[in-house]
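The values are calculated or read from the model by the stated rules, or taken from the named source; none is laboratory data. Predicted, not measured: the structure shown is a model, and the values here were computed from it. With ideal geometry, Cβ positions are generated from the backbone for all residues, glycine too; neighbour counts draw on all protein chains shown. The accessibility values were calculated without ligands, DNA or RNA, using every heavy atom of the protein model including side chains. Shrake-Rupley method; radii C 1.70, N 1.55, O 1.52, S 1.80 Å.
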Amino acid sequence: MSYPMTSSTDPLRIGILGAARIARSFVEAVRPSAKVMVSAVASRDSERAAAFARELHIGRVHASYEELLADPDIDAVYVPLPNNLHAAWSIRAADAGKHVLCEKPLAASAAQAQAMFTAAEKNGVYLVEAYPYRAQPQTLMVRELIAAGAIGRIQLIQASFGFPMADAANIRMDPGLAGGALMDAGSYPVSFVRTVAGAAPLRVSAVSRWGATGVDLTTMATLEYPDGVVAQISCSFTTARHRHAFIAGDAGSIHTTYFNDTGADFPPLVDLRRGTGWDAAREVIKTEALAGFLAEAESFHDLVRFGWGGWTGATPAESIDIARTLDAIAASSRGGAAVDVADARGN
Ligand SMILES: NC(=O)c1ccc[n+]([C@@H]2O[C@H](COP(=O)([O-])OP(=O)(O)OC[C@H]3O[C@@H](n4cnc5c(N)ncnc54)[C@H](OP(=O)(O)O)[C@@H]3O)[C@@H](O)[C@H]2O)c1
């Protein structure tokens with residue numbers, strides 16, 4: 001795979017496709033950065049784009065996504081569209097020569113995810129999936145501890161993310177937009193487990209509870225790995241807000257929150273126990289609190305300017321594994337039986 005290595009010291013100029021709710025948080029979080037700047041926004045509705053740009057002090061407005069992709073003063077695009085549109089617009093962005101930071105889940109299926117990376121490679125641009133928690137110091141610390149053998153050989157992983165979703169008109173409740181708890185919230189624990197397991201599962205078994213619109217409201221899945229490791233993920237639109245993960249090895253354990261944003265309300269947590277008994281030594285490790293979008297966007301800048309070494313997020317191989325795992329979990333919860341990840345076929 002060959003990519004351009006542009007070592008410019010100018011900020012990376014980012015254009016946004018869609019005046020999405022999450023794009024507001026993105027723009028506000030990255031404003032202090034000297035590495036990236038949001039230069040333009042496009043909307044299906046030019047009035048909405050203009051209002052978004054006025055409110056968030058964005059220099060240029062485009063009346064369509066196509067127009068933004070043709071803007072020569074944009075280096076990269078941020079794609080915060082409904083999940084079913086991630087693949088098509090990321091591929092169009094790559095074909096227009098733009099680097100792509102695409103919201104999670106990267107695609108509606110592993111086949112789409114593969115097509116996106118093929119387009120990026122063909123056009124010599126970087127394309128990555130946005131998981132701000134991956135750029136958080138608490139996540140980097142967890143990864144470092146595991147790599148250093150602090151908890152021995154990993155045996156089991158549990159990760160969950162849930163919150164109440166009461167708005168039936170939200171894109172997350174629409175199966176036609178690839179909504180549902182698994183795709184929205186579940187992509188987080190699936191990606192977390194992929195990060196710490198270091199491999200895709202072989203096989204998954206899942207159970208879902210379904211809502212009136214046809215999307216899953218709660219999903220829980222068991223993931224089995226070739227070396228005997230097991231993981232369990234859960235996600236929900238019907239629970240109190242929570243986000244936590246637990247990793248148990250044969251020599252200790254770690255509890256963490258893998259938050260996107262850490263700060264006073266969401267303190268980073270790396271609660272390490274070295275040892276196997278009730279008396280195992282406990283270390284609560286302090287890590288810096290950060291705005292996740294800022295950390296992620298600066299890492300995206302480093303990726304584009306300096307190559308893969310600068311990127312703390314999911315690699316293309318990890319994103320493909322995450323998409324394959326999501327496909328398999330969905331197939332298992334629909335079919336009521338365990339599914340081999342290699343056999344899962346997304347839409
Ligand atoms: N990383 C995170 O922390 C995080 C958090 C929340 C969401 N997300 C992800 O970000 C994406 C957007 O989520 P959101 O909550 O911000 O969604 P949202 O507010 O509903 O925004 C989606 C945007 O997509 C555009 N769009 C284009 N076609 C559309 C269609 N057929 N229906 C609806 N909207 C359409 C709209 O922009 P225009 O009309 O202006 O073109 C709309 O504003 C999702 O993939 C979600 O998983 C990530």
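Things worth noting here:
- Residue list for the stretch 42-51, restricted to those being in a helix (DSSP H, G or I) and within 22 Å of P72 (Cβ to Cβ): S46, A49, A50
- The set of residues in the stretch 30-46 being near the ligand (Cβ under 10 Å from one of its atoms) and either hydrophobic (A, V, I, L, M, F, W, C) or open to solvent by 20 Å² or more (accessible area, probe 1.4 Å) (or both) consists of V41, A42, R44, D45, S46.
- The stretch 61-85, residues that are of a type in the set (S, T, N, Q) and surrounded by fewer than 16 Cβ atoms within 10 Å (Cβ to Cβ): S64
- Within the stretch 78-161, helices (runs of 4 or more DSSP H) holding 2 or more residues that are in contact with a helix residue (DSSP H, G or I) (Cβ under 7 Å, 6 or more places away or on another chain) and closer than 19 Å to E66 by Cα: 86-95, 110-123
- Residue in the stretch 114-121 that is under 21 Å from L303 (Cβ atoms), out of contact with any Cys (no Cβ under 6 Å at 6 or more places or on another chain) and within 11 Å of the ligand (Cβ to nearest atom) present: no
- From the list V100, V79, the lone residue that is touching a Phe, Trp or Tyr at 6+ places or on another chain (Cβ under 8 Å), within 14 Å of the ligand (Cβ to nearest atom) and within 24 Å of T262 (Cα to Cα) is V79.
- Residue list for the stretch 47-60, filter: surrounded by fewer than 16 Cβ atoms within 10 Å (Cβ to Cβ) and over 11 Å from R13 (Cβ atoms): E47, R48, A51, R54, E55, H57
- Residue list for the stretch 64-76, filter: in a loop (DSSP other than H, G, I, E, B) and either hydroxyl-bearing (S, T, Y) or within 14 Å of the ligand (Cβ to nearest atom) (or both): S64
- The number of residues in the stretch 14-26 that are open to solvent by 10 Å² or more (accessible area, probe 1.4 Å) and either in the same structural domain as N260 (by TED's automatic domain parsing) or touching a helix residue (DSSP H, G or I) at 6+ places or on another chain (Cβ under 8 Å) (or both) comes to 3.
- Residue that is nearest to the ligand (Cβ to nearest atom) [pool: residues in the stretch 143-167 that are in contact with a Phe, Trp or Tyr (Cβ under 8 Å, 6 or more places away or on another chain), open to solvent by less than 40 Å² (accessible area, probe 1.4 Å) and within 30 Å of A280 (Cβ to Cβ)]: F161
- The residue list D261, D227 contains one member that is open to solvent by 60 Å² or more (accessible area, probe 1.4 Å) and within 30 Å of V125 (Cβ to Cβ), which is D261.
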